[in-house]
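Before any comments, here is the structure.
A short reminder: the numbers here are calculations on the coordinates, not readings from a lab. Being a predicted model, the structure only gives us computed values, none of them experimental. Here the Cβ positions follow ideal geometry from the backbone for every residue, glycine too, while neighbour counts run over all protein chains shown.
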Amino acid sequence: MTRRHTHLALLLLAGMITAPCSDRQGEPICVDLSRREAIPAQAQGNNHPALRFAVSAMTSPAQTFADYQDFIHYVGERMGWPVVFKQRKTYQEINDMLSSGDLDAAFVCSGAYVRLKQHIDAPLIAVPVIDGKPSYRSYILVRRDSRIETFGDLQGRRFAFTDPLSNTGKLYPIYRLELMGWTPERFFGHLIYTYSHDHSIQAVAQGTVDGAAVDGLIYDFLSRTDPDRVAGLKVIERSALFGAPPIVASPDLQPELRASLQSHLLRMSVDSAGAAILRRLRIDRFVAGDERDYDGIRKMFSAVERLP
């Protein structure tokens, strides 16, 4: 697999470049990412309203605009509709844009999707099937040469979250702490937000933090395609299965466009061009998805929101 395809696959497997955010004074200090848009050639001078599509910041986007063109071009060409790709840094920004009607569809984190559904009726469009399952896990990572063997051993240590609305990168570990009778602020000695799973992996590998919670799909992908990046790491805990990060629509998206988008995504695996893209992404296919697959995430949100 080429470096270009590795970047593209990372972007969709979870489904944007920022420096880690330190929590030195109790509040995350973050480096902002400028907002950008890519408008394909067919949208220039076209009176057709463009389909506005975004991807949440599950992986770092050094190559986002270059590498995402395959997917964007495929969707726009098959729908016969111009597609504008919008880039934002945080999951909340994407949720806000879907809620306000500034986006038509987006590839979002599962945790962000559950939170979004608490506020608006965002239709589920498609879910990626990877290694035969439309689901994924949270992994708790530490360095292989550390003496940390269990989640409890991380008490007083430095730990990395990804995004405040991340399921695998934040919700799962704070739910584990709730079951243990702890809050993150009391349990960990130091916290940072990295705003991407690959940055969290890198932070552990470089010793910036002692542990992190990450998307298991991204970790497994790197283990197969770039094993040197995870060679010094070990997984000390794997969560139960959760519904995979879905593609969702704004409730304002016209029903015929929503149906067209879903139809073409669900048929990608039997279309020669679509199948080629999926092979590079190591995605088996897209399926319609099942709301019940996200009930475990809803349960965790309910539990942690009872915390003071």
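Hey, what does the equivalent ellipsoid look like for segment 136-242, semi-axes from the Cα gyration tensor as sqrt of 5 times each eigenvalue, largest first, whole Å? Before the final figure, lay out each step's value.
Numbers: eigenvalues 77, 45, 31 Å².
Semi-axes from the Cα gyration tensor: 20, 15, 12 Å.
Sequence-distant or interchain residues sharing an amide H contact under 5 Å with residue 233, placed H: which?
Residues meeting the amide H criterion: 144.
How large is ³J(HN,Hα), in whole Hz, for each residue of segment 278-293 in order, when computed from phi with the Karplus curve 6.51 cos²θ - 1.76 cosθ + 1.60 and θ = phi - 60°, using x for Gly and Pro?
4, 4, 5, 7, 6, 9, 5, 5, 9, 10, 5, x, 9, 4, 5, 5
Which Cα, out of 227, 181, 205, lies furthest along the positive dipole direction of segment 136-242 (beta carbon charges, K/R +1, D/E -1)?
It is 181, whose Cα lies furthest towards the positive end.
So which of 89/234; 117/299; 89/170; 133/170; 86/133 end up more than 25 Å apart, counting from Cα to Cα?
Numbers: 89/234 28 Å; 117/299 14 Å; 89/170 16 Å; 133/170 22 Å; 86/133 28 Å.
Distance filter (> 25 Å) returns 89/234; 86/133.
Can you tell me which of 182-189, 119-126, 240-247 comes out highest on packing, and rank the rest after it, using the mean Cβ neighbours within 10 Å? Don't skip to the end; give the middle numbers.
On the way: 182-189: 15.1, 119-126: 17.5, 240-247: 21.9.
Answer by packing, highest mean first, reads 240-247, 119-126, 182-189.
Could you state the per residue volume, in Å³, of the convex hull enclosing the Cα atoms of segment 244-308? Intermediate results must be reported in sequence, preceding the final value.
Numbers: hull volume 7.9 nm³, N = 65.
Per-residue hull volume (Cα only) is 122 Å³.
Please compute one quarter of the surface area of the Cα convex hull for segment 193-236 and express it in square nanometres.
Details: hull surface 11.3 nm².
Its Cα hull, projected and averaged over all orientations, spans 2.8 nm².
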